[in-house]
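Report on the following structure.
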Amino acid sequence: MSEPVPRVFQIQRIYIKDLSFESPNSPDVFIGEWNPTANLQLNNNARKIGEANDYEVEVGITLTAEQDGKTVYLIEVKQAGIFTIAGIEGEELEQLLGAYCPNVLFPYLREVVASTINHGSFPAFQLQPINFDGLFQQAKAKRAEEQAKDQEKAKSH
């Protein structure tokens with residue numbers, strides 16, 4: 001009998017992979033009432049790196065603040081981490097990479113966003129907590145639905 005592979009989950013490194021901040025209409029945006037609208041886009045992905053059991057997980061956001069039809073600021077951040085994962089496969093591995101690891105990275109991302117906006121001399125902005133588990137389940141359900149549709153199409157042809 002072969003011995004089971006021990007279950008391992010380790011954080012190797014957390015880092016900023018990409019950071020961009022623009023305030024194209026400064027200093028004019030500092031004049032007048034402060035009442036911007038914000039648009040937030042979020043994405044995450046994971047990939048195996050190297051030959052070992054290491055994975056890079058990345059959480060990215062693009063946050064645009066606009067006021068009176070002008071961009072106040074635009075920030076893009078990709079927060080990433082390298083995780084060693086062994087003895088975990090299938091759906092459990094997908095859950096780790098698609099939900100748990102992004103949850104680990106999010107506080108770092110949140111701090112980078114808040115600090116960068118503050119250094120741009122703008123009022124504080126705090127990213128609200130994100131339910132990565134819920135987003136993962138939604139994406140999984142959507143993939144299953146699309147696969148079912150593709151199978152139905154294949155059967156009808």
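The values are calculated or read from the model by the stated rules, or taken from the named source; none is laboratory data. Since the structure is predicted, the reported quantities are computational estimates derived from the model, not experimental observations. Reconstructed Cβ throughout: ideal geometry from the backbone, glycine too, with neighbour counts over all protein chains shown.
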Matching option when the condition is farther than 24 Å from residue 53 by Cβ, at pLDDT 95 or above and hydrophobic (A, V, I, L, M, F, W, C), among 104, 72
72
Given the residues 134, 60, which is the only one that is small (Gly, Ala, Ser), farther than 30 Å from residue 31 by Cβ and modelled with pLDDT under 95?
134
Matching residues, the stretch 107-157, being polar (S, T, N, Q), part of a helix (DSSP H, G or I) and within 24 Å of residue 95 (Cα to Cα):
137, 138, 147
Evaluate the stretch 22-40: report whether one residue or more is in contact with a Phe, Trp or Tyr (Cβ under 7 Å, 6 or more places away or on another chain) and more than 13 Å from residue 67 (Cα to Cα).
yes
Tally, over the stretch 27-63, of residues that are assigned to a loop (DSSP other than H, G, I, E, B) and within 26 Å of residue 140 (Cβ to Cβ)
1
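Only one of these is under 17 Å from residue 111 (Cβ atoms) and not in a helix (DSSP H, G or I): 16, 88, 82. Name it.
16
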